[in-house]
Every structure is written in C-alpha cells, then in structure tokens.
Amino acid sequence: MTAKEYLGQVRHAERRIAALKARKIKYQELAAQRTAHYRQGPGGSTRRVSSVEDYACRIVDLEREMDRRIGEYVDLIHEIERAIWAVPDDQQREVLEYRYLNGWSWNRIAGTMAHTERHVYRLHGIALRQIKVPPKCQ
C-alpha cells in the first residue's frame, strides 16, 4: 500500500459510515410506514407478526455495525494523525492534514495556505515520501 492509499483510507471509512447511516434512515422510513398485523395461529390463538419488529431488529444490527465502524474510524484517524505529525515540515504536514483529515480540495488548500495549486502539489509529493506506512498495511 502506498502512502497515498494509506492516508486515503480515511475517506473510504467515511463513505462506508455514510452508507450505513443512509441505510438506517431507509429502514426507519420503511418501519414508520408499516403497522403490525395478527395471524391466526394453531389452536385458534392469534400471534402478532410485525414487520416493524423485523425492521427494528435490522436497525439495531445496523447501529451495532455503525458503532464498530465508527470505532475503527476513530482508531484509523489517530493512527494517520501520528503518521502525519511525524512529517517534520509544517507546510507539508498542513497539506496532508487539510487533504486527508479534513477532505479539502486542492484549490481550497492552496487558497488557505496562500500558495498556487502547483506548489501545494509539490509539498504534497514531498510529504507523501516522508509518510511511514505501517507494516500491517504494506
């Protein structure tokens, strides 16, 4: 894994979490549209069968998965922050923080740092060569 791919994991993790959130909202909307109904059981008893309960169970499972992914995301952010903070040059470190931790565009980074985009690309390239990708990611 290259340094760029390593740092880019943040965006991938954010997208996975966003997809889970969107799915949770969809399940909640579907559950809100449903009502419970009753079915005749054996021996004349009635048994409550509810798709709302099914959705609630799925939502709980999804929330657990989101919690797990968010925990992994926080751990990843801390790991990547340490890798970025190990870059000795302040400007190079800023470019990496803006790009990978904040998700900023090159244009926004250049404007904030009062540099041309070309200079920001140059700083980025130098900074990437200084990132130490952990052995578990290689």
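Worth a mention:
Yes/no matrix, rows are residues, columns are (1) at pLDDT below 95; (2) among the charged types (D, E, K, R); (3) outside any helix (DSSP H, G or I):
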{"residue": "Arg16", "(1), (2), (3)": "yes, yes, no"}
{"residue": "Arg23", "(1), (2), (3)": "yes, yes, no"}
{"residue": "Ile59", "(1), (2), (3)": "yes, no, no"}
{"residue": "Gly71", "(1), (2), (3)": "no, no, no"}
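- Tally of residues being among the aliphatic types (A, V, I, L, M) and under 25 Å from the mean Cα position of the chain (by Cα) across segment 121-134: 4
- Residues of segment 111-138 that are surrounded by 15 or more Cβ atoms within 10 Å (Cβ to Cβ) and under 18 Å from Met1 (Cα atoms): His124, Ala127, Leu128, Gln130, Ile131, Val133.
- Subset of segment 92-110 (residues that are of a type outside the set (A, V, I, L, M, F, W, C), without any contact (Cβ under 8 Å) to a residue 60 or more places away in the chain and surrounded by fewer than 16 Cβ atoms within 10 Å (Cβ to Cβ)): Asn102, Ser105, Asn107, Arg108
- When segment 91-138 is filtered for residues that are basic (Lys, Arg) and either farther than 15 Å from Ile80 by Cα or in a loop (DSSP other than H, G, I, E, B) (or both), the ones remaining, listed by number, are Arg108, Arg118, Arg122, Lys132.
The values are calculated or read from the model by the stated rules, or taken from the named source; none is laboratory data. As the structure is a prediction and not an experimental result, all values here were calculated from the model. So basically every Cβ, Gly included, is an ideal-geometry build from the backbone, and we count neighbours across all protein chains shown.
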